[in-house]
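Working notes for the structure below.
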Number of protein chains: 2
Amino acid sequence: MLNLDLSNVAQFLPGGWRTGQEPGLRKAHDYVLGGTGAGGEYTGWVRLPADYDREEFDRIQKAAAKIRSDSKALVVIGIGGSYLGARAVIETLTSNNYNLTHKDGPAVYFAGNGLSADAMNEVIELVKDVDFSVNVISKSGTTTEPAVAFRIFKALLEEKYGKEGAKGRIYATTDAKRGALKGLADKEGYETFVVPDAVGGRYSVLTAVGLLPIAAAGVDIDALMSGAREEMELLAKPGMDNPAWQYAAARHALYDAGKRIEILAGYEPSFRFFGEWWKQLFGESEGKQGKGLFPASVEFTADLHSMGQYIQQGERLMIETVVRFDTARSKITIPDDPENVDGLNFLSGRSLGFVAEQAMRGTILAHVDGGVPNILLTAPARDERSLGGLIYFFEFACGLSGYLLEVNPFDQPGVEAYKNNMYALLGKPGYEAQKAALEKRLDS
Amino acid sequence: MLNLDLSNVAQFLPGGWRTGQEPGLRKAHDYVLGGTGAGGEYTGWVRLPADYDREEFDRIQKAAAKIRSDSKALVVIGIGGSYLGARAVIETLTSNNYNLTHKDGPAVYFAGNGLSADAMNEVIELVKDVDFSVNVISKSGTTTEPAVAFRIFKALLEEKYGKEGAKGRIYATTDAKRGALKGLADKEGYETFVVPDAVGGRYSVLTAVGLLPIAAAGVDIDALMSGAREEMELLAKPGMDNPAWQYAAARHALYDAGKRIEILAGYEPSFRFFGEWWKQLFGESEGKQGKGLFPASVEFTADLHSMGQYIQQGERLMIETVVRFDTARSKITIPDDPENVDGLNFLSGRSLGFVAEQAMRGTILAHVDGGVPNILLTAPARDERSLGGLIYFFEFACGLSGYLLEVNPFDQPGVEAYKNNMYALLGKPGYEAQKAALEKRLDS
């Protein structure tokens with residue numbers, strides 16, 4: 001389904017770079033599939049495209065249909081993996097301007113992923129005069145950013161629709177059994193969906209976490225899951241012809257050879273937030289114990305006129321992974337100009353897609369010539385099935401990669417550091433000693 | 001006006017790191033101010049905030065007023081420095097959702113900065129049924145992406161308003177005297193504005209290149225220029241207490257100490273494209289001869305839940321520069337919850353801005369503890385004057401930085417590589433030999 005082209009990698013690596021990694025990959029593959037490696041308790045995403053809860057999936061589709069029929073806007077409250085996957089899929093499959101261009105379904109506004117009062121006031125302004133619903137996504141219900149946003153949008157809903165009316169417009173995606181949000185939802189009677197214990201935030205896009213907002217935006221989540229399932233079946237087979245093995249092997253070998261940055265490049269503006277999702281997936285899975293490729297992303301050809309210079313001639317620390325969609329959705333034919341003012345009449349009658357394709361081929365060769373190894377991943381089309389496949393491909397390859405790097409690809413111990421400092425500075429009960437110590441440092 | 005805090009840098013550097021760089025900075029300062037260093041012919045931006053063309057500035061304001069009165073949309077056609085500055089300023093000062101939330105003025109759509117047919121068709125759909133104008137920005141008029149877009153939107157305007165009507169809706173920002181676009185504009189009678197010879201694309205935001213779209217969006221460009229001018233006057237004074245010297249010295253010393261990535265962090269979603277502008281400025285100025293800090297950007301606190309793990313515990317190659325706006329625009333007060341479901345009642349009655357401030361302070365300490373040097377730049381407010389100052393600060397510091405690194409901070413030789421390959425693969429006359437060679441490589 002996906003096609004992985006590593007022809008522009010080998011020249012940067014010693015001979016035998018593939019076969020040398022086979023034992024490590026075999027072990028990693030078993031860890032991922034069997035849940036027997038570090039963090040194995042978080043490998044619930046591996047079989048998810050086949051083994052998901054059909055009853056819940058059906059409720060997701062019904063809830064999405066209800067939201068589409070009774071709401072002009074959906075406020076999705078969540079941070080990190082609780083918004084990036086949904087935003088990535090919605091934008092990639094529709095447009096980075098979804099909220100300008102959507103027709104039948106609701107606008108989808110993401111809130112509770114930061115602490116900007118201006119941004120929150122903006123969402124309030126956008127929804128207060130229209131019918132809207134809220135999907136609050138938090139395993140615990142106590143993470144600061146989404147919890148604060150939920151206090152505010154819950155109050156707004158209750159003011160608008162009354163307490164009873166609001167209940168029918170709040171969807172809580174949270175722990176199946178425990179936690180603050182689960183407790184509240186049960187007490188109030190919100191419809192609830194599950195953040196599974198065995199699936200970490202950055203691997204959660206194909207659970208209710210991602211699927212409810214995605215479906216509410218009109219995306220065919222059945223096709224998304226089928227695409228993921230097909231890829232799952234392909235990647236379950238061990239061996240060096242497994243494209244996830246190849247991708248993991250290539251990036252790991254390049255890391256061993258001294259590369260330190262991986263740039264994900266797309267040629268569609270709608271792909272920007274897929275890059276953000278991918279950065280969380282790889283950065284959070286691998287960036288620990290002082291290791292890992294630093295993940296960055298670019299939008300070509302736009303960024304060939306900004307980051308292009310650095311990529312071509314800056315520090316030689318980068319590898320580039322290009323995601324390409326094989327079939328265009330729409331077409332632009334370049335008109336002829338009888339006076340050929342811009343000198344581009346050699347393109348008259350050509351499609352813009354043809355030009356984009358040559359730009360991509362030319363850029364890959366230019367970057368390779370400049371010393372940047374290139375990995376090219378082609379998906380059939382910018383559609384649900386391909387994107388489901390891409391998501392699963394990167395998730396699986398990321399699990400393998402983490403194990404090759406000898407880290408736990410499923411934890412994120414470093415995320416606590418800022419939270420603890422923030423709680424202390426905010427005066428959270430129990431953090432008194434830390435607060436005093438931090439303020440002393442800040443005042444000095 | 002701006003405040004630069006380097007208190008979290010020194011511990012990562014050898015003693016005397018500041019004074020050791022004084023001679024280099026003094027030389028760089030003279031190069032930048034005098035135009036006597038490499039690329040000195042492109043230092044026209046240095047005195048721009050004081051010496052700009054008042055007659056043209058006045059015409060820009062009149063054109064902007066006309067666009068605001070006769071257009072519901074403005075299509076800005078340009079790539080690289082010909083769109084990033086305008087987009088950065090408009091979004092930072094209004095919202096990253098400007099096109100959803102703008103009230104009096106036109107929507108501003110950026111086109112011709114890529115080769116996606118879907119993205120271009122989307123802009124066509126968004127403008128075809130409303131009154132719109134076009135600002136085409138290209139020094140030569142022959143760069144592929146904007147030239148193709150201009151063919152299409154010019155035809156759309158002529159179809160809608162007739163050839164005569166279209167002329168009054170096309171604004172060409174281009175070379176003062178020569179080039180394909182200048183020739184066409186003169187012949188057709190478009191109003192023209194100047195891309196000065198002495199100002200490169202990435203330093204052009206305070207010329208007509210940036211100012212016309214910015215003013216059309218309702219931003220006060222007088223205040224923007226005043227802010228830049230104040231900063232210009234401050235930074236013109238040589239010495240180690242010059243904040244641009246300090247920023248350049250710190251990042252250069254950290255580069256010498258082995259750091260390879262600089263992350264620009266903001267706490268406002270509207271700041272995202274300022275990060276893109278900044279990446280072009282520094283990446284394109286410094287990323288050459290195998291040198292330079294790789295520029296990346298993040299949006300906090302959102303990305304503390306995606307890139308945060310890597311920043312805290314991944315490879316120790318990063319420095320972090322935080323841009324903070326001192327005064328909030330709007331306020332959110334966190335409501336009390338009698339049942340304290342989320343356990344956040346210690347924040348009841350607090351403003352969200354207070355929480356954001358503690359998050360920032362806590363994050364800086366956490367990252368410093370994790371081995372990431374931190375530079376904190378505080379601007380008074382998210383307003384025109386501060387942003388003008390920030391733009392000039394980064395431009396000036398970037399010039400100094402480039403000279404410290406012993407590169408030409410004003411050229412971009414690497415950008416030609418992809419273009420030449422693309423032209424060859426597209427069959428541009430004169431590239432026949434290169435085309436054959438490239439296709440042979442691609443087929444092998």
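The values are calculated or read from the model by the stated rules, or taken from the named source; none is laboratory data. Predicted model, so just to flag it, every value in this text is computed and none were measured. Positions of Cβ are backbone-derived with ideal geometry, glycine not excepted, and every protein chain shown enters the neighbour counts.
Here are the numbers for this structure:
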| read-out | value |
| --- | --- |
| Residue satisfying condition, being more than 28 Å from A:Leu404 (Cα to Cα) and not hydroxyl-bearing (Ser, Thr, Tyr), within set A:Arg26, A:Arg68 | A:Arg68 |
| Where A:Val75 falls short, out of the listed (1) under 26 Å from A:Ala147 (Cα atoms); (2) more than 14 Å from chain B (Cβ to nearest Cβ); (3) crowded, with 18+ Cβ neighbours inside 10 Å | (2) |
| Residues of segment B:97-131 classified as buried (at least 24 other Cβ atoms within 10 Å of the Cβ), farther than 13 Å from B:Ile77 by Cα and either in contact (Cβ under 8 Å) with a residue 12 or more places away in the chain or more than 10 Å from chain A (Cβ to nearest Cβ) (or both), total | 2 |
| Some residue of segment A:327-337 being surrounded by fewer than 20 Cβ atoms within 10 Å (Cβ to Cβ), within 21 Å of B:Ala436 (Cβ to Cβ), free of Cβ contacts under 8 Å to residues at least 12 places away in the same chain and at the interface with chain B (Cβ under 9 Å from one of its Cβ atoms) | no |
| Wholly within segment A:332-444, helices (runs of 4 or more DSSP H) carrying at least 2 residues that are touching a strand residue (DSSP E or B) at 6+ places or on another chain (Cβ under 7 Å) and at pLDDT 95 or above | A:352-369, A:384-404 |
| Filter result for A:Ala250 (more than 9 Å from chain B (Cβ to nearest Cβ) and either under 27 Å from A:Gly24 (Cβ atoms) or in contact with a Pro (Cβ under 6 Å, 6 or more places away or on another chain) (or both)) | yes |
| Failed condition for A:Pro146, given (1) touching a strand residue (DSSP E or B) at 6+ places or on another chain (Cβ under 6 Å); (2) not in a helix (DSSP H, G or I) | (2) |
| Counted residues, segment B:407-444 - those being at the interface with another protein chain (Cβ under 8 Å from one of its Cβ atoms), hydroxyl-bearing (Ser, Thr, Tyr) and surrounded by fewer than 13 Cβ atoms within 10 Å (Cβ to Cβ) | 0 |
| Count of segment B:276-289 residues which are closer than 26 Å to A:Ser116 by Cα, in contact (Cβ under 8 Å) with a residue 24 or more places away in the chain and out of contact with any Lys or Arg (no Cβ under 6 Å at 6 or more places or on another chain) | 3 |
| Qualifying residue in segment B:16-25 (condition: farther than 30 Å from A:Ala356 by Cα, more than 11 Å from chain A (Cβ to nearest Cβ), part of a loop (DSSP other than H, G, I, E, B) and modelled with pLDDT of 95 or more) | no |
| Selection count where residues are among the acidic types (Asp, Glu) and surrounded by fewer than 24 Cβ atoms within 10 Å (Cβ to Cβ), scope segment A:243-275 | 1 |
| Complete set of residues in segment B:222-247 that are within 18 Å of the chain's Cα centre (by Cα), within 25 Å of B:Gln21 (Cα to Cα) and of a type in the set (A, V, I, L, M) | B:Met232, B:Ala244 |
| Count - residues of segment B:41-55 that are assigned to a helix (DSSP H, G or I) and surrounded by fewer than 17 Cβ atoms within 10 Å (Cβ to Cβ) | 5 |
| Residue, farthest from the other protein chains (Cβ to nearest Cβ), within segment A:150-162, restricted to residues that are farther than 11 Å from B:Asp342 by Cβ and either among the hydrophobic types (A, V, I, L, M, F, W, C) or outside any helix (DSSP H, G or I) (or both) | A:Leu157 |
